[in-house]
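Everything below concerns the one structure shown next.
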Amino acid sequence: MAMRLNEDLDDSGEMHDINVTPFIDVMLVLLIIFMVAAPLATVDVRVDLPASSSKPQPRPEKPVFLTVKADKQLYVGEQHVTPENLTSVLDQTTQADKQTTIFFQADKSVDYETLMSVMDTLRKSGYLKIGLVGMEQAGSAH
C-alpha cells in the first residue's frame, strides 16, 4: 500500500501557500491604468526658441533706490523726501535722465494704496523704468 504525504497540508487539512493570482491581476490592471494615464499627464509643447545675441545688461554704477518705510516715509537713497518734492529730488539724482531705472522697495507692511500712489507719481514724472526690489527666500526652489 502506497502512502501519499502532502507537505503543504497540516493536521487540520489547511493549505499554507499564498495565492498570488489576485495580486498579479491587480498589478496588471494598475500597470495598464498608468500606461494610459502617463501620456495624458504630461504637457509636451515643442517650441523652437530663438537665440539671443544680446549681452546681459550691466548693473548701474550707482543705482537709484526709492524706499517706502513702514511709517510711509519716502527716501531717495538715504535722503528723506515728501510726495510733493519726490520728482524734483529724482531729477536732481538722475540729472533728469528719465531712462534711469528706479529701484523701488517698500516695507511689507505698507498698504497697496501707498505703493500705487508712489508708482503713479513716478509714472507722471516720466520715470517708466521701475525695478521692484524684494528679498530672496532662503532655500526656495521656485
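Got a sec? Which of GLU113, GLU78 is exposed (fewer than 11 other Cβ atoms within 10 Å of the Cβ) and at pLDDT 90 or above?
Being exposed (fewer than 11 other Cβ atoms within 10 Å of the Cβ) and at pLDDT 90 or above holds for just one of GLU113, GLU78, which is GLU113.
For segment 116-136, which positions are under 22 Å from the mean Cα position of the chain (by Cα) and outside any strand (DSSP E or B)?
Answer for segment 116-136, where residues must be under 22 Å from the mean Cα position of the chain (by Cα) and outside any strand (DSSP E or B): VAL133, GLY134, MET135, GLU136.
Provide a single number: the residues in segment 72-100 that are closer than 11 Å to THR121 by Cβ, in a helix (DSSP H, G or I) and of a type in the set (Val, Ile, Thr).
Number of matching residues: 1.
Hey, LEU9 hits all of (1) at pLDDT below 85; (2) surrounded by fewer than 10 Cβ atoms within 10 Å (Cβ to Cβ) but one; which does it fall short on?
Of (1) at pLDDT below 85; (2) surrounded by fewer than 10 Cβ atoms within 10 Å (Cβ to Cβ), only one is false for LEU9: (2).
Among the candidates THR87, THR21, which residue alone is closer than 25 Å to THR114 by Cα, at pLDDT 70 or above and of a type in the set (S, T, N, Q)?
THR87
The values are calculated or read from the model by the stated rules, or taken from the named source; none is laboratory data. Values in this document were obtained by computation on a predicted structure and should not be read as measured data. Every residue, glycine among them, receives a Cβ derived from its backbone with ideal geometry; neighbour counts consider all protein chains shown.
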